[in-house]
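To start, the structure itself, in structure tokens.
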Amino acid sequence: MSELNNFADHPLLQPLDPALDTLPKFFLDRAKRYGADKVAMRKKRYGIWQEYSWAESLAHVRDFCLGLVSLGLAREDKVCIIGDNDPEYYWAELAVQSAGGISIGIFADASPQELEYLVNDSESVFVVAHDQEQCDKMLELREAGKAPRVKRVIYWEERGLWNYNDPWLLSFPQVEALGRAYAADHPGAYEELVAAGHGDEIAIFSYTSGTTSLPKGAMISHRNLIYSTRHVVIIAPFYDTDNYVSFSPLAWITEQSLGLSNHVQNGIIINFPERAETVQQDIREIAPATLLFPSRLWENLISMVQVRLSDSTWINRALYKLFMPVGYKVVDYRDAGKEPPLLWRALYRLGDVAIFHPLRDKLGMVRMREAYTSGAALSPDALRWFRAIGVTLKNLYGSTECQTHTVHRSGDVRFETVGPPAPGVEIKIGEGGEVLVRSRSTFQGYYKAPEATAKALDEEGFFHTGDAGFLREDGHLVYLDRVSDLIQLANGESFSPQYIEGRLKFSPYIQDVMAVGGWDTPFVSAIINIAFENVARWAEQNRVSFTTFVDLSQKPQVYALIRRDVERVNATLPPPARLRRFVILHKAFDPDEAELTRTRKLRRRFMEQRYGEILHAVYDGQEEVRVRAEVKYRDGRSGFVETTLHIESLEQKETEAPSHARA
Amino acid sequence: MPQPKLQLDRISLRFGGIKALDDVSFEVRSGEILAIIGPNGAGKTSTINSINGFYRPQEGRILFEGREITRLPAYKRATLGIARTFQNIALYTHMTALDNLMAARHIHMRSGMLQNALFWGRTLREEIEHRRVVEEIIDFLEMEHIRKTVVGTLGYGLRKRVELGRALALEPTLLLLDEPMAGMNVEEKEDMARFILDIHEQQHMTIVLIEHDMGLVMDIADRIVVLDFGRKIAEGTPAEIQREPAVIQAYLGEVTE
């Protein structure tokens, strides 16, 4: 479907100039140009946004790079970086790449086992670790003889490490000091290292989140990363005055392309939040030009607004009630391709002053030009809600292996699609409705896994996404589900559990859902995970007393509450795809228990196995089920909880099936 | 032998006919964590109150860094470097966490009324300096997200943390903690224990704490003093205390047939 892309002649899609074909080359070029006069990064520390100029940034990258070289880093060596987003993270990554090395980002909450796998699979020789917590994990691995290749661990947050005195551990400034000493003996060494780089060299390994198997390291070249930013930038330009808040894990490919690669190519200012808990507040203070959240974070924002509003003054609630329908109405007009009548536009203007603008301000979205959602599908209701308050959320659909596949354009946002292919990206539909993608950012294969690579990349260079979807006549791609997750019901119709889950998750009271059904089962059911904070608040307001999560989840009143949401969603589904029974789980789905991937996607197979007993009871017609579930604590210990779960049944109304609904 | 941080020399404290403390003597060494344990009503809080000057013992002497402070009022002891937290949190509940900490800096403020009224000159410089100290504490205790939250709306565990922060804002050299972990869940307790150890480790702070969770006390204390009915019945390292028959008796009651 490449005829949709009229960008072939676009200057940003031309072959790269060899003088500017790696991230460090761009970085060095920008840093020399901007020098000490322009802010490169800010980090909030001690309550103040501390600024770093491009010159300072360059000094850190150069010193750290040469420090690593003096410690023995060679071209193509791998370095793992684990921790929260900080200037040091960016510097470390650019330093590794400057020396021709490959950086591997790891999620800060990775367990020692996960860390062991990633460090060894990538054959890393250095690990740059944020703080004591991460250093402890590494020390634990070394004790067990499980980090044989790692020469040194370098940390950038000293707290708690004062008395470690282990020569294996070095601080960030210590390595920088080594680098300065090295530079004194080797003038110009840094510039030479950078100039020796080539666009086709691998810049990072990005480990796939592994919904189905062990994580695989997708090899991403500099060229891949440079173009992946451009695929978005061509339709949504960035300027060096733009602010960006870096809070998505750098282990995630989108932060690499929208954050780091965007920073070095376009000079956007990177702002680092004070701490994970303050991200929302910090975003408000920065009011960034763009935001990319995974879909569940957008949904969380809606829940947060709704809950805060219910605690707010009556006048705020009244204004919200009064103007939200106006917002929706205007969105409906625009969707139908019509300009809303003057009256509605005037009303919307009023609503904007009264409630929409204040809401956007609270969310830090007053200067935002581009708002993207990615990851699991966002419910259409959530997209509609944001558009009603004046935030046009665009879907950005992509993968680790091929980065951006599709993205909505301004003025052509369709709720039900993930948008047309991004500039420079080709998409076609393969066998079984699978989405195939090819672009300049198609990855270079999985590290040490030629078979998996051959499966994922065909001879024509198309990446097989494993996603099911179809291209519409207007060029938009509709994403259905993972090919392997489409489920065939007894009557032969297929349905998408993810779609049902997306709809249900719009309820402020539902945190997670797993919809189950098909093949050997006669109907669809669901395991539901309540949103503890919101349900607890609701319980308080409605005088439902409870002790713990387990207790609250099994209250009849809570079942009635959730049931209302289930019935609302059922009404939009064709009868065979409706939920007939559901269970509220006594605990939250948890990545620490391997129920979710680190990007919080469900691991369905694993869950079906794990909750086999419950599902058996559901399809056996039982009213309740006793469960004894193993819980793993963060520190690796495990224990058991035992409790009885109620199974709720819904009457099946065969009538009133809306013909337009498809799931 | 180096100078002890604090010496209690034969302290007795009476309320009417009731003897809250009876001839109690012990010393706190510089840079150690000393735990005071004992059953309810043993006189633990009375001891802390005597050290920081809330109570005046009728007999005995208290020496802080070799200097007698028995007759000094509480606020003067605070300026010497003795700070405390309370069993029942005592914060300004209507103020933010940040303001509570800033209020504690008051004893370090030197500027005059006129300058304060104009918020100029020394006042401004001082305000910035104090804010820096306070922000370092906020960073240390990981309270950035509640900096501007009114203390009254915070959960119990976080309020305890704010209170610890306020005590640190005095920049003390001796920290008295009255049940810093009471009423907390396991996770909050572990956090608090980590903070106490970090303060101890990084600032070489001398700490006296009262705590009921024996597991925790045994883990973090260098030495333990055991009180029962106002008298000291034992003193020693955690290992020594665990073997002490008088302690076992005080905790489990007399063995009768």
Exercise. By count of other Cβ within 10 Å, fewest leading, how are A:162, A:156, A:344 ordered?
Worked result: A:162, A:344, A:156
Exercise. What percent of all Cα-Cα pairs in chain B falls in each 10 Å bin, counting up from 0?
Worked result: 7, 29, 34, 21, 8, 2, 0, 0
Problem set entry | Total charge dipole magnitude, the protein assembly as shown, about the Cα centre, Cβ charges on Lys, Arg, Asp, Glu only, Debye to nearest 20 | 2720 debye
Exercise. In this model, which of A:329/A:587; A:394/A:505; A:394/A:601; A:321/B:160 are farther than 28 Å apart at the alpha-carbon?
Worked result: A:329/A:587; A:321/B:160
Seminar exercise, completed: Here the net charge surrounding residue A:125, from other residues whose Cβ is less than 9 Å away from its Cβ (Lys, Arg +1; Asp, Glu -1), is +2
For this session: Mind counting lysine pairs for me in region A:16-279? Cα separation below 18 Å, and the two need to be 8 or more apart along the chain or on different chains.
Result: 5
For this session: Using a Förster distance of 35 angstrom, determine the FRET efficiency expected from the C-beta separation of residue B:222 and residue A:590, and round it to 0.05.
Result: 0.40
Seminar exercise, completed: residue A:382 neighbourhood, Cβ < 11 Å, K/R = +1, D/E = -1, net charge +3
Problem set entry | Extension reserve of the residue A:410-residue A:149 stretch, reckoned as 0.36 nm per residue once the Cα distance is removed | 89.1 nm
For this session: Taking the Cβ of each residue in A:528, A:234 as the centre, tally the other Cβ atoms inside 10 Å and list the residues starting with the fewest.
Result: A:234, A:528
Exercise. Summing Lys, Arg as +1 and Asp, Glu as -1, what charge do residues with Cβ under 10 Å from the Cβ of residue A:457 carry, residue A:457 excluded?
Worked result: -2
For this session: Using only the alpha carbons, work out the radius of gyration and Dmax of chain A in angstrom.
Result: 25.6, 83
For this session: Quick one: P(r) of region A:486-649 from all Cα-Cα pairs, 10 Å bins, percents rounded to integers, in order of increasing distance.
Result: 10, 40, 38, 11, 1
For this session: Could you tell me the convex hull volume per residue, in Å³, taken over the Cα atoms of region B:88-171?
Result: 93 Å³
Problem set entry | the protein assembly as shown: calculated mean residue ellipticity at 222 nm from DSSP helix runs of at least 4, using -39500 (n - 2.57) | -11000 deg cm²/dmol
Problem set entry | Calculated FRET efficiency for the pair residue A:536/residue A:336, C-beta based, R₀ 51 Å, to 0.05 | 0.80
Exercise. How do A:368, B:109 line up, fewest other C-beta atoms within 10 Å first?
Worked result: B:109, A:368
Seminar exercise, completed: Charge dipole of chain A built from unit charges on the beta carbon (Lys, Arg +1; Asp, Glu -1), centred at mean Cα; most positive-end Cα among A:303, A:378, A:228 is A:303
Exercise. R0 = 41 Å: FRET efficiency of residue A:12 with residue A:484, Cβ-based, nearest 0.05?
Worked result: 0.70
Problem set entry | Share of alpha-carbon pairs per 5 Å distance bin for region B:135-212, given as whole % | 3, 14, 28, 28, 18, 7, 1
Problem set entry | P(r) weight above 24 Å for region A:16-279, C-alpha pairs, percent | 45 percent
Problem set entry | Partners for residue B:76 among lysines (Cα-Cα distance below 18 Å; same-chain residues under 8 apart left out) | B:5
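Throughout, read-outs are computed from the coordinates displayed, never taken from laboratory work. This is a predicted model, so every value here is computed, not measured. In this analysis, Cβ positions are derived from the backbone assuming ideal geometry, glycine residues included, and neighbour counts consider all displayed protein chains.
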